[in-house]
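Just below is one structure, and these are the notes that go with it.
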Amino acid sequence: MKKYTFKRIEVNNLDDFRNDIIKCLGDEIFECNTLDQLVYKSLKVIHPVYKNLKNEDQSLQNKSLKVLEHFGFNRTGKIHVSVRGENGERILLNEENRLLSPKQKFLNQIIRFKQVPKAHLEYLVGNSEYHLKKMTQLVNRYFETPFIAKMFWKEEKVPSNQNERMLLDYYKRCLSEQQFILSYRFGEKIKERAIVKATKMPINLPMNLFDFFDFPYYSSKTYSEGYFDHEKIDTVYHRLVETTVHEEDENLTKLYFRNKRIFYSKLFKEYHSSQYFKDIKYYSQILPLSNTRKNVLNELEFLFQKKKWVSFYGIALSQIEGLFLEMTNVVGTKGKRSMYHKINEIKDSDSTGNLDYYQYYIPQLRNKFMHGALDGEEGIKENSFDLLTDIRYLLMIFHELDNPLVKLKRILSNSNYTFSTIEEITSFFQILSDKNESLRGFVKTHAHEIKKFLKEKLVENKNLEVIVSNLQNEVKDAIEITIRFLDTIFLEKGLNFGFSNSHTIKIFFDNENNRKLLQKEYFILGNTFNELSIYNIFLTKYTKWIEMNDSLSFYLKNISQEYKADLQKLIVISRLVED
């Protein structure tokens, strides 16, 4: 076993000392059945403490005391930290430790273990192996389907229909997850997690507060079943609107399958069907939808009110696919145009949540209806209720897309929107400058509307004057701090910032050693560089979009002219690090 030699380590660097001990122990740490064994093995790797060490209580106490004395824990004059008790009494946080034995103090303050890691490792191993078994069963189940077992693996055929695509997707998901669980079960991460769980934290926290991190793969979460088993795709949860009491969700889900009529009676009592159409109209006005799409969505309300269930059902099914077409147009993706591929394009471009219900379940209903396989289901009003809630949720997903055009539309439609900081104004400018094709077209045709919005929100209410009132000093201070920082490091190496231009700066940092030094020290002023980038964007873009009075325009123009050169040079340096 490797021995650890005592070094002069400050008390505030005990983490390094502890980590070195754990590293020296290696897997032996998981052989300890008791905390006494853990103390013994830990002391045994510390030189020269291990000399004459015996696995007996008195020996452990004496050797623990030596370690404590090395770090000064038994010296007088240490600082005592206290808190107020329930009755106002003063309680020393380290009072308890003063009454503990040296061995217990060694456990609490040096190696900081409250339990042996072995028990936690056994728990993690047992559960990860259970998860692995369940995932392997799913892998085998999908592998045994005729398409995957024969056509995909043996004949190397690609899926030819919706069902085959679904089976292959789920098979690949399960295979990938199986490998993830395997790497966790037999890798080092599971051991590291066991040590963390056994560690005594500085403050008392609920035992299960961080259990979420015990198994760092998606299938360990209770809500993941439908992601790995197509037969368990969640067809209900997205219908439970924000007003639904969370504790009732599970009961409502069961009710949906037991009696859909009563389910919707309860749901619409809480969130009336008319409100769903109000939501649809609200999203339709905000989102970048074609006028034809908006008209069709409005027509659905008429059919709903007239109880034309078959017509509503057919049109609503087609509009779900149509909305995905609108989303892909906004995202700017190009590719195959089946609903399956449209949804894949949205998944690839944005983290929108789980769309499996729309990708694998809805197409079955659509294909059945479009091919004339009518069996009366399309005339049942509750099935139309399904599609009503489907459309509302899909529009909500559309509204939350991480897309510049959608973001811009959300802001412009918000009559209460307020710019509070120069960062928010700059973020708005960055949205306007995005290269998204749909956005560029919208900005070009709606430039007057955008300028009017900015004038109302920034100029007419004097908001911009407040935001930039101290801008000159802020820009000046940030530039001076950054230049001093650069001169301290690079002046003696030949970079005189005041006499350099963007070109000479680039040449200077083409030198690998200079660039590495910059990257190493950059974090010190990372926030200041970020502020400089914000100032530069604002001063570069404001004249294009904000119409203001002459005095404010003159003030900003002077700032821009005075600091433009320095800002641009500093932005060059910032980009060198970011690239």
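The values are calculated or read from the model by the stated rules, or taken from the named source; none is laboratory data. None of these values were measured; they are calculated from a predicted model. Every residue, glycine as well, gets a Cβ built from its backbone with ideal geometry; the counts of neighbours run over all protein chains shown. For the accessible areas, the whole protein counts, side chains as well, though only heavy atoms, and no ligand, DNA or RNA atoms are used. Shrake-Rupley method; radii C 1.70, N 1.55, O 1.52, S 1.80 Å.
Evaluated against (1) within 28 Å of the chain's Cα centre (by Cα); (2) part of a helix (DSSP H, G or I), residue 369 falls short on exactly one condition, (1).
Could you run through segment 31-60 and say how many residues are at pLDDT 90 or above and either among the acidic types (Asp, Glu) or open to solvent by less than 30 Å² (accessible area, probe 1.4 Å) (or both)? Total satisfying the criteria: 14. Among the hydrophobic types (A, V, I, L, M, F, W, C) and modelled with pLDDT under 90: is that true of residue 257 in this structure? No: the conditions fail for residue 257.
Residues in segment 307-333 that are in contact with a Pro (Cβ under 9 Å, 6 or more places away or on another chain) and open to solvent by 30 Å² or more (accessible area, probe 1.4 Å): 321, 329.
Test residue 508 against the criterion of being among the aromatic types (Phe, Trp, Tyr) and either open to solvent by less than 60 Å² (accessible area, probe 1.4 Å) or more than 23 Å from residue 475 (Cβ to Cβ) (or both), and give yes or no. When the stated conditions are applied, residue 508 passes them. Residues that are part of a loop (DSSP other than H, G, I, E, B) and open to solvent by less than 10 Å² (accessible area, probe 1.4 Å) within segment 389-402 comprise just one, 401.
Residue check: is residue 559 among the hydrophobic types (A, V, I, L, M, F, W, C), open to solvent by less than 80 Å² (accessible area, probe 1.4 Å), in a helix (DSSP H, G or I) and under 29 Å from residue 444 (Cα atoms)? Answer is yes for this residue.
The set of residues in segment 273-306 that are open to solvent by 70 Å² or more (accessible area, probe 1.4 Å), under 33 Å from the mean Cα position of the chain (by Cα) and not polar (S, T, N, Q) comprises 278, 281, 282. None of 453, 490, 429 is surrounded by 17 or more Cβ atoms within 10 Å (Cβ to Cβ) and more than 33 Å from the chain's Cα centre (by Cα) except 490. On the basis of being at pLDDT 95 or above and either among the hydrophobic types (A, V, I, L, M, F, W, C) or under 29 Å from residue 456 (Cα atoms) (or both), does residue 559 make the cut? Yes: the conditions hold for residue 559.
When each of 75, 18 is tested for being at pLDDT 65 or above and charged (D, E, K, R), the lone residue that passes is 18. Taking every residue in segment 182-204 that is of a type in the set (Ser, Thr, Tyr) and pairing it with any residue that is open to solvent by less than 30 Å² (accessible area, probe 1.4 Å), at least 6 positions away or on another chain, the pairs with Cβ-Cβ distances below 7 Å are 184/128; 184/190; 184/217; 199/113. Of the residues screened, residue 407 is one that is open to solvent by 20 Å² or more (accessible area, probe 1.4 Å) and at pLDDT 85 or above. Residues that are modelled with pLDDT of 90 or more, of a type in the set (Lys, Arg) and either open to solvent by less than 80 Å² (accessible area, probe 1.4 Å) or within 30 Å of residue 110 (Cβ to Cβ) (or both) occur in segment 196-213; there is at least one.
Residues of segment 547-554 include none that is under 38 Å from the mean Cα position of the chain (by Cα), without any contact (Cβ under 8 Å) to a residue 24 or more places away in the chain and not in a helix (DSSP H, G or I). It is to be established whether one or more residues within segment 146-160 are modelled with pLDDT of 90 or more, open to solvent by less than 80 Å² (accessible area, probe 1.4 Å) and over 30 Å from residue 63 (Cα atoms). Among the residues of segment 146-160, at least one is modelled with pLDDT of 90 or more, open to solvent by less than 80 Å² (accessible area, probe 1.4 Å) and over 30 Å from residue 63 (Cα atoms), which makes the answer yes. Figure legend. Inter-residue proximity from segment 132-144: first residues of a type in the set (S, T, N, Q) and modelled with pLDDT of 95 or more, second residues part of a helix (DSSP H, G or I) and open to solvent by less than 90 Å² (accessible area, probe 1.4 Å), beta-carbon distance below 8 Å, spacing 6+ or different chains. Indicated pairs: 136/178.
Looking across segment 496-508, the residues that are at pLDDT 90 or above and in contact with a Leu (Cβ under 9 Å, 6 or more places away or on another chain) come down to 504, 505, 506, 508.
Each residue in segment 143-169 was checked for being part of a loop (DSSP other than H, G, I, E, B), under 24 Å from residue 226 (Cβ atoms) and charged (D, E, K, R), and 1 pass.
Close contacts from segment 270-294, counting a first residue that is in contact (Cβ under 8 Å) with a residue 60 or more places away in the chain and a second that is hydroxyl-bearing (Ser, Thr, Tyr) and not in a helix (DSSP H, G or I), with Cβ to Cβ under 6 Å and a gap of 6+ residues or different chains, come to 286/413.
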